[in-house]
Amino acid sequence: MMKKAMLVFLPVLFFSCAGGGAGLKDLYVPGIYEGIGEGYFGPVVLEVTVSPGAIIQIDVLQYSDTLGIGTAAFDELTNMILDANSTDVDIVAGASYSSRGFLEAVENALQKASL
């Protein structure tokens, strides 16, 4: 009887200590954070909105990069980052400096939001 009780108790103890696999780990303090990166022609300034476990929204506030090239890269990168919930994404071909500046700005904001 004692062995049966231990077999039931140990998994319950393990899952309660390990979080039971319940949800994602909290990565961020929820809020809106500003980030700055260096684009092709100057700074890229944006706001990143986060929940405890996800990047929710990215809004570009200021940029000096080429309209249509840099801005297209920003849109594509935003979608990739939101889908991956990470800045570990490829840069956009033909807009490498703009892409790097954008990613730098997002990472700068996420550092501020990190726990």
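The values are calculated or read from the model by the stated rules, or taken from the named source; none is laboratory data. Since the model is a prediction, treat every value here as computed from it, not as a measurement. For neighbour counting, all protein chains shown are included, and Cβ atoms are generated from backbone atoms with ideal geometry for every residue, glycine included.
Structural remarks
- Taken together, Gly42, Gly20, Gly53, Gly37 contain a single residue that is surrounded by 10 or more Cβ atoms within 10 Å (Cβ to Cβ), of a type outside the set (D, E, K, R), at pLDDT 90 or above and at positive phi, which is Gly42.
- Selection count, the range 39-77, where residues are touching a residue at least 40 places away in the same chain (Cβ under 8 Å) and under 14 Å from Ile91 (Cβ atoms): 3
- Within the range 65-91, the set of residues being modelled with pLDDT of 95 or more, more than 12 Å from the chain's Cα centre (by Cα) and either among the hydroxyl-bearing types (Ser, Thr, Tyr) or in a loop (DSSP other than H, G, I, E, B) (or both) comprises Asp90, Ile91.
- Residue count for the range 78-106, restricted to those that are surrounded by fewer than 17 Cβ atoms within 10 Å (Cβ to Cβ), more than 13 Å from Tyr40 (Cα to Cα), in contact (Cβ under 8 Å) with a residue 24 or more places away in the chain and not polar (S, T, N, Q): 1.
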